[in-house]
Each structure stands twice: as structure tokens, then as C-alpha cells.
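J.: Let me begin by handing over the structure; questions about it come next.
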Amino acid sequence: MASFMDNLKEKAKSNPKTIVLAEGYDERHVKAAVILKKEQLVKGLVLVGDTAKIQGLAKENDLNLDDGFVKIFDPTKEAITEKYIEMLFTAREKKGMTKDHAKDLITNHSIYAAAAMIADNDADGMVGGAVYSTGEMLRAALFLIGLKKGIKTLSSTFFLESPDKSLFTNGISCFADCAVIPEPTPEQLADIAKATAESYRSMTGNEPKVALLSFSTKGSAEHESITRVREAKKILDSQEVDFVYDGEMQLDAAMIEKVAAQKAPGSPIKGDANVFIFPELNSGNIGHKIAQRVGKCTAIGPMLQGIAKPANDLSRGCSAQDIADLAVITSLQVK
């Protein structure tokens, strides 16, 4: 049986995109380029960074740069860099950014040059964060690409594929938010729920069943963190969203039918959730890593939600395969 990632790869092949690997001077990005090129998962690739460094890594890893499939963008050598500097300066001048600061970011920090390429429609999506921190990656994306129209909340989701296909829907679930917002407000939790439901539906083709998680199920405890989850549900109630959801509920009530019947009788989730919205970042980050390391789930992501054009953040402990997989996810986000 094909894995979830295998299915995503086939979808990506049917409508390939051009993806920027924002830290092309890191060997993992070059190795990822080898994978993506060999499997023809993208239309083309751009490696951002020092030309000589990337050429050396390409030679060491048998990556052919002569056929045009993989291109190098060196911000210190390209004429269009001046345009990118002006774009960043214009976007952030009112926030106090100087022209010299914008020049430094674009020419010396590759994720900013990569984000400028996406903002200027010179490529379809970007992947970065193998070298830079999540905070820096998010700043580059927000400064240059910005949020989708009408979206106020930037968040992230992980896709988890369980070896037990009886769990979730065919073993596939989403956990959010696991990387961005430390303590989301009720409004942000509602936004995260909507964005993650959309992500789950678009990537899996299945209908989302969204559980707003807590350490309480339907009033079994009281705490300000529980109140935020309840308020988030009320916001969703007022918006007539197009997916099934419920909360507040504990994880077992969200995913085990017998427990749901006891703790949350009448819940539309019925112990069959496939999208899990965590009350804050601690629980989301810990939860997805427990699922991955203890539950033996395959974790794919994080996929950023709310950015106007696809830009995704890696863990600094990522492998070349992780980068290649996230490039596939990124290409599938392109509208």
C-alpha cells in the first residue's frame, strides 16, 4: 500500500512547480536537490547561496548543474538583487528598516533573498530553516511575502501518518499549531482550526473532523486555558464553517469511540477526529514529537498556514529527505 508521502509525490508530479531551497550552501539542501531531480518531483529548483560553495557541494554529490534543472542564485552577483533590496526596504521602511539593513539581509542572509524571489513571482514556493531559526524564517516570509488576504493568523501543521491505519482517516492526521504561536487567543485558535481543516482536506482529499483539545472534556474541569478553547468553539459556531468540529475535549475522547461515548455523548466527532488543535505551543510541539518518536508516526512538516505564497520552515535537525518531502508539500500548496 502506498504511503501518504508516496501519494503526495504522485500529485506533485502531475503539476510540478519551481521551488527555492533557501540554504543551498548547506549540503542537506544539495542532497535534497539530488532526490527531487532524480524523482522528477518538481519543475525546477533554485539553490540560494555562494556560487563556489554550491558548485563544490554539487560536484561532491554528483548533482549536474549544466542542464538548467537546478539553478544557483547568488545574491552577491545577480543584478536583480537590487530590486529585492528595494522591495524589502519599501515593505519595512515605516517599521524603521534602513536601506543598508535591507541590503545586508538580502545579500548576506539567504532566506531573505529566497523570500524576495517568491514575492516577486520568480519561483513558486520556498523551503528554508535547516540553518536559520524558525523565528528568522518567519520574519523573512512575513516581511516579504506577507499573509493571505483576510488572514490574521500565521500557524503551522504537521501531517502524521500512523502505522495503524485504523486510526484517524486511513492513518492520516494533522496536529496544529506545533511551531508558531506560543499561547493562541480564542480568535487565533479558531483561525488555526479553519486553516488546518483546509490543509487536511486539500492534501488528503478527506473530510476534516476537528477536535479542539484540552485537559478537560465538556466541562470536566475549569481553567483559563480551557476557557480559551471553549471561546474558540463559540467563534467557530458563529461562523458556520464547512467542517465537523467539537471541543473542548481530551485526546482520548477525540480519537476513541468508546471513550467519546462516555465522556462526550452526542459529540459530532464520535471519537473519530483526524485534525487535532492543541491549546498552546507546548502541548502541540510535545504532542507531535511523542506521536513521531513513541507512536512511530511519520511526521511531515511543519507546513506553514496563512502565508500569501508557499514558504515552509524546516527543523534544523532535518535530513535531506525531510527537505525533499517538504518541497513536495510546498509545491502542492501553490494555487
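The values are calculated or read from the model by the stated rules, or taken from the named source; none is laboratory data. Because the structure is a prediction, the values reported are computed rather than measured. Quick reminder, even Gly has a Cβ in these numbers, built from the backbone with ideal geometry, and neighbours come from all protein chains shown.
J.: On the basis of being of a type outside the set (Val, Ile, Thr), assigned by TED's automatic domain parsing to the domain that holds Ile106 and surrounded by fewer than 21 Cβ atoms within 10 Å (Cβ to Cβ), does Glu27 make the cut?
T.: On the way: of a type outside the set (Val, Ile, Thr): yes; assigned by TED's automatic domain parsing to the domain that holds Ile106: yes; surrounded by fewer than 21 Cβ atoms within 10 Å (Cβ to Cβ): yes.
Yes; evaluated as a whole, the condition is true for this residue.
J.: Test each condition in (1) in a helix (DSSP H, G or I); (2) touching a strand residue (DSSP E or B) at 6+ places or on another chain (Cβ under 9 Å) for Met303 and report the one that comes out false.
T.: Met303 satisfies every listed condition except (1).
J.: Now, a different point. Being touching a residue at least 12 places away in the same chain (Cβ under 8 Å), touching a His at 6+ places or on another chain (Cβ under 9 Å) and β-branched (Val, Ile, Thr) narrows it down to one residue among Ile106, Ile54; which is it?
T.: Details: Ile106 fails: touching a His at 6+ places or on another chain (Cβ under 9 Å).
Step by step, each of Ile106, Ile54 is checked, and only Ile54 is touching a residue at least 12 places away in the same chain (Cβ under 8 Å), touching a His at 6+ places or on another chain (Cβ under 9 Å) and β-branched (Val, Ile, Thr).
J.: Kindly evaluate Phe69 against the criterion of being aromatic (Phe, Trp, Tyr) and surrounded by fewer than 18 Cβ atoms within 10 Å (Cβ to Cβ).
T.: Working: aromatic (Phe, Trp, Tyr): yes; surrounded by fewer than 18 Cβ atoms within 10 Å (Cβ to Cβ): yes.
Yes.
J.: Specify the residue that is farthest from Asp6 (Cα to Cα); the eligible residues are those in segment 68-79 that are out of contact with any helix residue (DSSP H, G or I) (no Cβ under 9 Å at 6 or more places or on another chain) and assigned to a loop (DSSP other than H, G, I, E, B). Can you show your working first?
T.: Going through segment 68-79, the residues out of contact with any helix residue (DSSP H, G or I) (no Cβ under 9 Å at 6 or more places or on another chain) turn out to be 68, 71, 79.
Now restrict to residues that are assigned to a loop (DSSP other than H, G, I, E, B): 68, 79.
Details: Gly68: 26, Ala79: 39 Å.
Within segment 68-79, the match that is farthest from Asp6 (Cα to Cα) is Ala79.
J.: Return the residues of segment 28-62 that are β-branched (Val, Ile, Thr), more than 15 Å from Lys13 (Cα to Cα) and not in a helix (DSSP H, G or I); say none if nothing qualifies.
T.: Listed by number, the residues that qualify are Val46, Val48.
J.: Can we say Asp122 is assigned to a loop (DSSP other than H, G, I, E, B), farther than 24 Å from Ile290 by Cα and either of a type in the set (Gly, Ala, Ser) or assigned by TED's automatic domain parsing to the domain that holds Leu41 (or both)?
T.: Working: assigned to a loop (DSSP other than H, G, I, E, B): yes; farther than 24 Å from Ile290 by Cα: yes; either of a type in the set (Gly, Ala, Ser) or assigned by TED's automatic domain parsing to the domain that holds Leu41 (or both): yes.
Yes.
J.: Select, from Ala2, Ala22, Ala52, the only residue that is of a type in the set (A, V, I, L, M), surrounded by fewer than 16 Cβ atoms within 10 Å (Cβ to Cβ) and more than 30 Å from Phe168 (Cα to Cα). I'd like the intermediate steps shown before the answer.
T.: Numbers: Ala2 fails: more than 30 Å from Phe168 (Cα to Cα); Ala22 fails: surrounded by fewer than 16 Cβ atoms within 10 Å (Cβ to Cβ).
From the options Ala2, Ala22, Ala52, the qualifying one is Ala52.
J.: Among the listed residues Ile323, Ile286, identify the single one that is surrounded by 19 or more Cβ atoms within 10 Å (Cβ to Cβ) and either outside the structural domain of Leu47 (by TED's automatic domain parsing) or more than 30 Å from His223 (Cα to Cα) (or both).
T.: Details: Ile286 fails: surrounded by 19 or more Cβ atoms within 10 Å (Cβ to Cβ).
Among Ile323, Ile286, only Ile323 is surrounded by 19 or more Cβ atoms within 10 Å (Cβ to Cβ) and either outside the structural domain of Leu47 (by TED's automatic domain parsing) or more than 30 Å from His223 (Cα to Cα) (or both).
J.: Also, I was wondering about something else. Mind counting the residues in segment 138-182 that are touching a Ser or Thr at 6+ places or on another chain (Cβ under 7 Å) and among the aromatic types (Phe, Trp, Tyr)?
T.: Qualifying residue count, segment 138-182: 2.
J.: Check off (1) under 20 Å from Ala311 (Cα atoms); (2) within 21 Å of the chain's Cα centre (by Cα) for Glu10 and give me the number that stays unchecked.
T.: Result: Glu10 fails condition (1) only.
J.: Of everything in segment 285-335, what is over 25 Å from Ala115 (Cβ atoms) and of a type in the set (Gly, Ala, Ser)? Give them in sequence order.
T.: Residues satisfying the conditions are Gly287, Ala291, Gly295.
J.: For segment 120-159, name all the residues that are closer than 23 Å to Glu93 by Cα, of a type in the set (A, V, I, L, M) and buried (at least 17 other Cβ atoms within 10 Å of the Cβ).
T.: Correct list: Met137, Leu138, Ala140, Ala141, Leu142, Leu144, Ile145, Leu154.
J.: Another question, if that's okay. Sort out which residues of segment 199-226 are part of a helix (DSSP H, G or I) and either in contact with a Pro (Cβ under 8 Å, 6 or more places away or on another chain) or of a type in the set (A, V, I, L, M) (or both), and write them in order of number. Steps first, please.
T.: In the first step, residues of segment 199-226 are kept if they are part of a helix (DSSP H, G or I); the result is 199-204, 224-226.
Hits for segment 199-226 are Tyr200, Arg201, Met203, Ser225, Ile226.
J.: Ok, one more. Picking from Pro184, Pro163, which residue would you name as being buried (at least 24 other Cβ atoms within 10 Å of the Cβ) and part of a loop (DSSP other than H, G, I, E, B)? Spell out how you get there, then give the answer.
T.: Values: Pro163 fails: buried (at least 24 other Cβ atoms within 10 Å of the Cβ).
Answer to the check: Pro184.
J.: Show the residue pairs meeting these rules: Cβ distance below 6 Å; 6+ apart or different chains; first residue within segment 217-245 and over 17 Å from Val275 (Cα atoms) and touching a residue at least 24 places away in the same chain (Cβ under 8 Å); second residue of a type in the set (A, V, I, L, M) and part of a helix (DSSP H, G or I).
T.: Ile235/Ala190
J.: Hey, among Val34, Val46, Val42, Val20, which residue is modelled with pLDDT of 95 or more, within 18 Å of Gly129 (Cα to Cα), out of contact with any Phe, Trp or Tyr (no Cβ under 7 Å at 6 or more places or on another chain) and of a type in the set (Val, Ile, Thr)? Show your work before the answer.
T.: Working: Val34 fails: within 18 Å of Gly129 (Cα to Cα); Val46 fails: out of contact with any Phe, Trp or Tyr (no Cβ under 7 Å at 6 or more places or on another chain); Val42 fails: within 18 Å of Gly129 (Cα to Cα).
One residue alone meets the criteria, Val20.
J.: Taking Thr90 as the residue in question, decide whether it is β-branched (Val, Ile, Thr), more than 29 Å from Gln321 (Cβ to Cβ) and assigned by TED's automatic domain parsing to the domain that holds Ala130.
T.: Details: β-branched (Val, Ile, Thr): yes; more than 29 Å from Gln321 (Cβ to Cβ): yes; assigned by TED's automatic domain parsing to the domain that holds Ala130: yes.
For Thr90, the condition - β-branched (Val, Ile, Thr), more than 29 Å from Gln321 (Cβ to Cβ) and assigned by TED's automatic domain parsing to the domain that holds Ala130 - is met.
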